[in-house]
Structure formats: structure tokens, C-alpha cells
Ligand code: ATR
């Protein structure tokens, strides 16, 4: 390979994305002759964007809103996990062909393993709040990790039921109002809704009666400690914030494009936090 290796993040809007900072950190840490750019791309512009990156010899790209589902559709090949999740967040370009992967579920599990020092009770049911795109990645990863039962609670129950139909018999659907009653034997409680994000109302959940060895984790990372995590911690639960999911999901793309296996460590976390 010769010349600067190029990758970037495709989205709209995308200027807020911290991926260039993250990949930029690794590029300089590993001394790679590479670059990683913001690639603002309107909703109807994905195909054209991908064609031009292919033509210009780019290594690949991350894909974020609103393009994740279309990115999977237009790929020549996709990993099993991308197909199961129904969306792609990482594209690799090789010999004029587009390969799609979805590393969000991988990032979710790696973050939990990294940040929940005593692990979580994987033999117990996990409760997943929310049934949107992020929930699909979390569900896939927990099933893949061997979770015996996943309880999905969503404000719009029909979306949770659709996930149960799709992902099979280990999924149980819980009424949104009944969420608190489904927590007593849970090993893991996951927020995948946008509640608690800066500017959004908090996710209010009663952790009374939840076992002290349960772990609560949020995929929201602005703020780092969401009201959901603060309340779980106040009840003595171990908590894992959402920043690491973002950091870990980026690892497979970096390795594929730039040829180095990057590491997520405390220094990277503090640099990303400072930004
Ligand atoms: P993403 O792809 O990021 O998961 P999404 O598909 O818009 O985004 O899903 C957002 C999730 O947050 C959904 O589960 C949504 O519930 P609905 O399916 O009922 O819309 C949930 N959510 C957003 N605002 C909410 C609120 N005020 N109360 C409860 N759930 C909310």
C-alpha cells in the first residue's frame, strides 16, 4: 500500500461526530500515515458519496444517521451481524467492492467487559429499555453472548413485539409501565432509549428490589452519568456509562483501514471526555 490511507465518517449532520478525534488519536499513537475526515452527506447522497470514495481509493468509512440502513442495502457483502442488526456502521472498500459490518453490538459488549470489573450475571435475564436501532445492536450482542432471556420494554409496545418476532424465543416483551416490576431477578439493565440525553427528559426507573449484583448500563453518553445511571448507583448497582461503546465500536474499522489493532485505554477516554 502506498500513500496516505484515508477513511472518514458519513452522516448528516456529522460535524458533531467525535470519530475524527478518536481515529486521529490512534493514527498518531500508532504512527500511521493515514487521515480520517468528516464526510457530510445528505439523506439522498449516500450512493454518490460511496461511489466517489471508491473511485478515489479510500479505505472505507463509518456510517451514522441517517444512512445506516441504506449503507447495508448498497453493500456488495455484509457480515452476519450487520444483516441481523439490519444496519451498517462500518464500510470497507476493497477492489471496487463495498463490505459492510455493524460493530455497535461488539462495542456494547466490549465496553461492559471493560468497565464492569466484576462482570454481570449473564445467566440471569437482561432487561433492555427501548426498541429502536440501537436496541437492535444491543439485543443481537446479548443473544450472541448467550443471554438466556431478554426482556424488552418500549413505550410503543408494537416495536418491541416486532423485535421479539424477529429475534426469537429468548425475547420477552414487557409493558413500558411494568418495567420496574421486571427487574428483581435481572442481571443487566440497559437503556437504549434517548431518555436522559442532554435536552431530553430523564429515564425514571424505580430500582427498589433490584438485586445488588445487577449491572446498569446506558448507551447515552452525554451526559456521562445519566439520571438512570445515577439512580442505579444510588441503589448500590454497578454502572457502566456509554462512552466506551462508542470507543470500542471504532476498533474493527480502524484495524481494517489502517492495519493496526487499536486499544481503548484511560488516556483515550480522558482525551475524548475533554472534547
Ligand atoms: P435509535 O436508533 O437511536 O435507537 P430510535 O429508533 O428513534 O433511535 O429509538 C429511540 C428509542 O427511544 C425508542 O425506543 C423510543 O421509543 P418509541 O419506540 O416508543 O418511540 C424511545 N423513546 C424516545 N423518546 C421517549 C420517551 N419520551 N419516552 C419513552 N421512550 C422514548
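Where a number appears in this text, it was derived from the coordinates with a stated rule and is not lab data. Nothing here was measured: the structure is a model prediction, and the numbers come from that model. Here the Cβ positions follow ideal geometry from the backbone for every residue, glycine too, while neighbour counts run over all protein chains shown.
DSSP assigns beta bridges within the range 1-99; of those with both partners inside it, close to 35 percent run antiparallel. With both residues required to sit in the chain, DSSP beta bridges show an antiparallel share near 20%. Scaling against 2.2 N^0.38 Å puts the C-alpha radius of gyration of the chain at 1.01.
Using the Cβ-Cβ distance between residue 80 and residue 15 with R0 = 25 Å, the FRET efficiency computed as 1/(1 + (r/R0)^6) comes to roughly 0.15.
Taking the fewest neighbouring Cβ atoms within 10 Å as the starting point, the ordered list for 41, 156 is 156, 41. Within the range 119-275, the proportion of Cα pairs with more than 26 Å between them is 27 percent. Model label points for residue 38 and residue 255, set 7 angstrom from Cα along the Cα-to-Cβ axis, are 3.0 nm apart. Between residue 145 and residue 185, the C-beta separation translates, for a Förster distance of 25 Å, into a calculated FRET efficiency of about 0.90. Computed per residue of the chain from DSSP H runs no shorter than four, each worth -39500 (n - 2.57), the mean residue ellipticity at 222 nm is -10500 deg cm²/dmol.
Exposure proxy for 123, 218: other Cβ atoms within 10 Å of each Cβ, ordered fewest to most, give 123, 218. Put in line by how crowded their Cβ is, counting other Cβ atoms within 10 Å and starting with the fewest, 36, 221 read 221, 36.
Our estimate of slack between residue 265 and residue 114, defined as 0.36 nm per intervening residue step minus the Cα-Cα distance, is 53.4 nm. The label point for residue 123 and the one for residue 233, both projected 7 Å from the Cα toward the Cβ, are 3.0 nm apart.
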